[in-house]
Amino acid sequence: MIQVVEAAIPDVKIFATKKFGDHRGFFSETYNKRALAEAGIDLDFVQDNHSLSGPKGTIRGLHYQSPPYAQDKLVRVIRGSILDVAVDIRRSSPTFGQHISAVISADQWNQILVPIGFAHGFCTLEPDTEVIYKVTNYYAPDHDHGVLWNDPDLGIKWPVSESEAVLSDKDHRQPRFSQATVLFE
C-alpha cells in the first residue's frame, strides 16, 4: 500500500510505503504501477540505479538529463538516510528556481518522486547509505547536466558545510544555476 503525499512544490510527491513485520522480518510493496496510476501518476520506469555512499556528508547532485532523455526519478533509501533535494528548473513554472527538500530514510521507509524538469541531488546523513531509484529513461551521457550543489542563489540548507561535503570532481565543477545553459521550458 502506497500513500501519496503532496509536497510544497505540487509536482514533487512523497510516498509513504507500508511495512508489514513479524518475527521473520518484514514485507513491503515498494512499487505498484496500478496504485500509482490510480493516484494520477502514470510512469514507465525503464532502469533501476543503486548507489552506496560510504562517508556521511556525501553529496550527489544536483543532476538532470535533458530531452529527449529527461528522467523522472522514484528514490528510496534501503540503508541509512539522506536529505533529498529537487530544484525546479522549468523556466515557465511558477516555482522556477525554488527547491524542496525532504529526509528520505530506511527507518521512515518513504520515497520521493522527482519529476522531469527538476535537478536532483542528495546528501547522506549517515555513513554507508544505500539509495535505490527508478528512472523513466536510460542514462545518456551527452544529455547529462548539473547545477552547483551549494549555489547561494538556490538557498538550499544542506546539512554539511562546503569543507565537510564529500563530492565527485564532476560535482565540484557544475555551473551555478544562473549559468546553466540547458534548462527546461
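Quick note: the coordinates plus some simple rules give every number you see, no bench work behind them. Keep in mind that this is a model prediction, so the values were computed, not measured. Here Cβ is always computed from backbone atoms with ideal geometry, including for glycine, and neighbour counts include all displayed protein chains.
Cross-link partners among lysines for K33, C-alpha distance below 28 Å, same-chain residues fewer than 8 apart left out?
The qualifying lysines are K13, K18, K19, K73, K134.
Taking the Cβ of each residue in L113, L125, L52 as the centre, tally the other Cβ atoms inside 10 Å and list the residues starting with the fewest.
On the way: L113 22, L125 19, L52 12.
Listing L113, L125, L52 from fewest to most nearby Cβ atoms yields L52, L125, L113.
Can you give the calculated 222 nm mean residue ellipticity of the chain, where each DSSP H run of n ≥ 4 adds -39,500 (n - 2.57) and the sum is split over every residue, rounded to the nearest 500 deg cm²/dmol? Before the final figure, lay out the partial values.
Numbers: 2 runs with 10 residues, N = 185.
Dividing the helical sum by the residues of the chain leaves -1000 deg cm²/dmol.
State to the nearest 20 debye the size of the charge dipole of the chain about its Cα centre, where the only charges are +1 on K and R beta carbons and -1 on D and E beta carbons.
Numbers: 18 positive and 24 negative charges, 48 e Å.
With only Lys, Arg, Asp and Glu charged at Cβ, the dipole is about 240 debye.
Taking other Cβ within 10 Å of each residue's Cβ, how do K73, K18 sort, fewest first? Could the numbers behind the result be given before it?
Details: K73 24, K18 13.
With the fewest neighbours first, K73, K18 line up as K18, K73.
Going by how many other beta carbons lie within 10 Å of each one, how would you line up F15, F118, F26, fewest first?
Details: F15 23, F118 27, F26 10.
The order, fewest Cβ neighbours first, is F26, F15, F118.
For the chain, what does the equivalent ellipsoid look like in terms of its semi-axes, each the square root of 5 times an eigenvalue of the Cα gyration tensor, given largest first in whole Å? Mind dumping the intermediate values first?
Numbers: eigenvalues 133, 83, 42 Å².
Largest first, the chain gives 26, 20, 15 Å.
Whole Å is fine, so just give me how far the alpha carbon centre of segment 1-71 lies from that of segment 78-150.
Centre-to-centre distance over Cα atoms comes out at 10 Å.
Placing unit charges on C-beta atoms (Lys and Arg positive, Asp and Glu negative, everything else neutral), compute the dipole magnitude of segment 116-185 about its Cα centre in debye, rounded to 20. Please report the intermediate quantities before stating the final value.
Numbers: 5 positive and 12 negative charges, 36 e Å.
Result for segment 116-185 is approximately 180 debye, rounded to the nearest 20.
Determine ³J(HN,Hα), in whole Hz, for all residues of segment 106-113 in sequence, where each value follows from phi through the Karplus function 6.51 cos²θ - 1.76 cosθ + 1.60 and θ = phi - 60°; x replaces Gly and Pro.
Once rounded to whole Hz, the list reads 5, 5, 6, 6, 9, 9, 10, 9.
Calculate how many DSSP beta bridges within the chain are antiparallel, expressed in % of all such bridges and rounded to the nearest 5. Mind showing how you got there, number by number?
Values: 50 of 52 bridges.
Rounded to the nearest five, the antiparallel share is 95 percent.
Toward the positive end of the charge dipole of segment 1-90, about the Cα centre and with charges on Cβ (Lys, Arg +1; Asp, Glu -1), which of G25, V5, V46 goes farthest?
Farthest along the dipole direction, towards plus: G25.
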